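Worksheet for the structure shown next.
What follows draws every value from the coordinates through simple rules; no lab data is involved. It should be emphasised that the depicted structure is a prediction, and the values quoted were computed from it without experimental measurement. Neighbour counts run over all protein chains shown; Cβ positions are idealised from the backbone, glycine included.
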RNA sequence: GCCGCUAUCGUCUAGGGGACUAGGACGCCGCCCUCUCACGGCGGAAACCGGGGUUCGAAUCCCCGUAGCGGUACCA
């Protein structure tokens, strides 16, 4: 029986939860769920200068919003300081690491002199243990460097296959700072060993760190975990996704009206696919289909257009009842509906949301559409007016519609629809000739939900008022033209 | 510079020697549905980075080149 799977997501709290980080967290989450394993969250805050609590908060919020529930943690890497030091001490005692007394200035000078040829020259490795102990005891500052052994280091990456590094290309890297705090590679290995992590699933920008870490596992006498390096996420220009590409933080997408399940689904498909042609897949379905083996090697461009499409798919599938908490506050703020309506939505409100959700790609698009129907004023779209009211018979047709609508009973879409058809028939024109000018009169726009639905939601009084306003507008502009 | 990774439509991708006339999705175009828009349906344009091998046969395997990306810190 294989060891139970234990994976981790280990962000450094120096900013927001980036979509790249979110995707890494997502894959760890999916793998843990798929295998019945444990998903640990670890905050890598050994760099105290750059780490902030606010950042940690934001990352946790982002993960929660996305639905990435962790099983253990968050554990703070800084809490493992004593263990990190002890591990470095052990390596030192066993001769697998050594003290380096070179000052940062001296190192910088050598680097400057040799430029690209530079690699740490191991000068301090020549210092005898006794001498090293004496200088340390005398209070001379030092870092601890790992002594990279001869040979080659390789691993069978789940994503990339066998990957090999010549140890000669790796310098004796520092594992403990002058301050006695651990450098990333030591802290990560020490923690992953301590947490009994079985699979390290992370971005492939860590590939170059992997041989160093494997060397550390071996020196520490710990089992080496399985590695899976995920491809990067790029911006539209093919460069690493960054702030200048616009939205990169998970929170940005929440603010753009993206549903968490849509981003969850979209991110899962960036660098992975189920092997068949399914695309719109919920969390449970993704967990079921997930496997590390199907992860791609190639970096993927983050395509906002496709995200928006996917969001539209989720929007359309959600019930009005589920959507109301998301769009309700905005509708109330606009004064379109009352808080009580949102609390206990009447049928018309649910119908409104159902009508608008299929037309929207983001939740942000719903309120403006609702305003066109329920708002106090009409914003006429110039080109819609020009096109749909151009026919000289427009005013006459609107009046005919008005007359019929004034007596429709009951005021329901089912009752309204045949009445409009009847008007069109009596006028000897297609329904479009009546509905389109009417649509512009009611909404100011040439595009809207079905005209019968629009009339119903708007209410008879408001609808008749807008028809009157439109007729008056047409009359005045007609008069203006005749006066020319 | 050195080390490493990667390379199929504009984008996300299927493909792991013959099933490829290279499939799907987003976007784009056209048609249908239709009171408009959206949804949905149907159809179209659109790709194997280049060159050598291996093989009866390469998108698939190997090598070289090219390009992109990552790393090269007392950051993570």
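What to note about this one:
- Contour excess over end-to-end distance, with Cα ends at residue A:243 and residue A:167 and 0.36 nm allotted per residue: 23.8 nm
- Figure legend: label point modelled 7 angstrom from the Cα of residue A:407 along Cα→Cβ; residues of segment A:417-437 with amide N under 19 Å from it are A:417-428.
- Taking segment A:74-218 and dividing mean pair separation by its residue count, relative contact order in percent (alpha carbons under 8 Å, at least six apart): 26 percent
- When both segment A:90-162 and segment A:251-320 are represented by their alpha-carbon centers, they are found 44 Å apart.
- Calculated over chain A, the projected area of the Cα convex hull averaged across directions stands at 33.2 nm².
- Chain A, helix-only ellipticity at 222 nm - DSSP H runs n ≥ 4, -39,500 (n - 2.57), divided by all residues, nearest 500: -15000 deg cm²/dmol
- Projected label points at residue A:93 and residue A:426, each 7 Å from Cα along the beta carbon direction, are separated by 10.1 nanometres.
- Fully extended contour minus Cα-Cα distance, from residue A:348 to residue A:109, at 0.36 nm per residue: 78.6 nm
- Direction-averaged projected area, Cα convex hull, segment A:1-52: 4.0 nm², rounded to one decimal.
- Cβ-Cβ FRET estimate between residue A:118 and residue A:301, R0 fixed at 41 Å, reported to 0.05: 0.75
- When the alpha carbon gyration tensor of segment A:13-81 is reduced to an equivalent ellipsoid, the three semi-axes, largest first, read 21, 14, 9 Å.
- Alpha-carbon centroids, segment A:13-88 and segment A:200-231: separation in whole Å: 17 Å
- Based on C-alpha pairs under 8 angstrom that are at least 6 apart in sequence, segment A:1-152 has a relative contact order of 21 percent.
- Förster radius 60 Å - calculated FRET efficiency between residue A:390 and residue A:205, Cβ distance, rounded to 0.05: 0.50
- Normalised by the number of residues in chain A, the average gap of Cα pairs under 8 Å and 6 or more apart makes the relative contact order 12 percent.
- Net lengthening on full extension, residue A:218/residue A:288 (0.36 nm per residue, minus Cα-Cα): 21.7 nm
- Here the alpha carbons of segment A:12-163 define both size measures, Rg and Dmax, at 20.5, 56 Å.
- Binned Cα-Cα distance frequencies in segment A:320-398 - 5 Å width, integer %: 3, 14, 23, 20, 13, 10, 9, 7, 2, 0
- FRET efficiency for residue A:399 and residue A:316, using Cβ-Cβ distance with R0 set to 45 Å, rounded to 0.05: 0.75
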